[in-house]
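The structure follows.
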Amino acid sequence: MTNYVATIVRELERAAEQLPEGACDRLADALLKADAIFVAGAGRSGLMMKAFAMRLMHLGLRAHVVGETVTPGMTSADLLLIGSGSGETRSLLGMLEKAQSLQAAVAGLTIQPHSTLGSRADLVVLLPGSPKNQSSGADLTIQPMGSLFEQTLLLFLDAVILRIMAAQAQTSGTMYGKHANLE
């Protein structure tokens, strides 16, 4: 087991080295300009996006998860952030189209620069990872399916949170005041 964990950590280190220069700052700036932030993803990527929405809320930003019963309507002053390794998940592309029809900004986090998400979003961050179907023989990861993308997605989004914390002079202590307390 230890060898697997060490290999995964090395894969994540390689992925971190491949992150585009300035991407964290560009995304943080776009998030801070939006009146409200809507996040979306499917499956495990969706779980990473929900974790990010929670951190944005802890920072005091208006953050919503698309599809939740308490999510309000979107306006042209808002931003939709989609996390999708393939950039082709049909349900997420419908959200992209709807947000653009409302003249809201769309940002995408994906592996595939030439995907529909990669080519249509206003801001695109290309994250390292491998497709879920690794039958092409690419030896990018020992992990199953989209695990490397999902882990890199979470780590990148945590870096964005740190950037926003610095911009707003917040600490974990100031954020803790917005932590759930009915548990």
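Which value, to two decimals, describes the C-alpha radius of gyration of the chain once divided by 2.2 N^0.38 Å?
For the chain, the normalised Cα radius of gyration comes out at 1.03.
Once you put a point 7 Å from the Cα of residue 50 and another 7 Å from the Cα of residue 6, both along the Cβ direction, what distance in nm separates them?
In this crude spin-label approximation the distance works out to 3.5 nm.
Summing -39500 (n - 2.57) over the DSSP H runs of n ≥ 4 in the chain and dividing by its residue number, what mean residue ellipticity at 222 nm do you reach, to the nearest 500 deg cm²/dmol?
Helix contribution divided over all residues of the chain: -14500 deg cm²/dmol.
For the chain, with a Gaussian network of springs between Cα atoms less than 10 Å apart, report the residue from 146, 46, 22 with the top mean-square fluctuation.
Result: 22 has the largest fluctuation of those listed.
Let me ask something additional. Determine how many Å³ per residue the convex hull of the Cα atoms of the stretch 84-133 encloses.
56
Using +1 on the beta carbon of Lys and Arg, -1 on that of Asp and Glu, and nothing else charged, what's the dipole of the stretch 1-137 about the Cα centre, debye to 20?
Dipole of the stretch 1-137, to the nearest 20 debye: 320 debye.
Give me the one-decimal nm value for the distance between modelled label points at residue 168 and residue 68, 7 Å along each residue's Cα-to-Cβ direction.
Between residue 168 and residue 68, the label points sit 1.5 nm apart.
Readers should treat all values here as calculations from the given coordinates under stated rules, not as data from a laboratory. Source: prediction; values computed, not measured. Neighbour counts are summed over all protein chains in view; Cβ atoms, including those assigned to glycine, are modelled from backbone coordinates with ideal geometry.
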